[in-house]
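Just so it is clear, none of the values below were taken in a lab; they were calculated from the coordinates. Small disclaimer: the values here were computed from a predicted structure and weren't measured.
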Amino acid sequence: MTDANEQIQQLRLELRRGIVVLAVLSQMETARYGYSLIQRLAEQGLEIEEGTLYPLLRRLEKQGLLASEWDTSEARPRKYYRISPAGQQVLDTLRLDWLEMVKMMQGILQGDES
């Protein structure tokens, strides 16, 4: 890979990191376990690796933005996560911030001076 391609890949990664939290929180109104969340996001065009998602879920839970519960009713126990009330407040704020940033960036990238 050329230096320019490597640089582009690195910059894409940085952009992507900024949206993963928002994407995850936006999907957690329904309780989900990690793999089902990976599948759901992939269906919507956002591929997330397990090594990225599971530490993020634990961090968001530790921050009080997600709550979790184990389901042991099946042969394989699963930890389900759901957005907490604090997480919902954060999501609502981030969602508005994101929409404003998209609007601003569209103007910037299209050369709008207004």
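For this structure, a couple of remarks:
- When the chain is treated as a Gaussian network with alpha carbon springs shorter than 10 Å, the biggest mean-square fluctuation among LEU91, LEU57, LEU11 belongs to LEU11.
- Between 0 and 90°, nearest 10: helix 34-43 axis offset from the chain longest Cα axis: 40
- Estimated translational diffusion coefficient (Stokes-Einstein, Kirkwood radius over Cα pairs, 20 °C, 1.002 mPa s) of the chain: 134 µm² per second.
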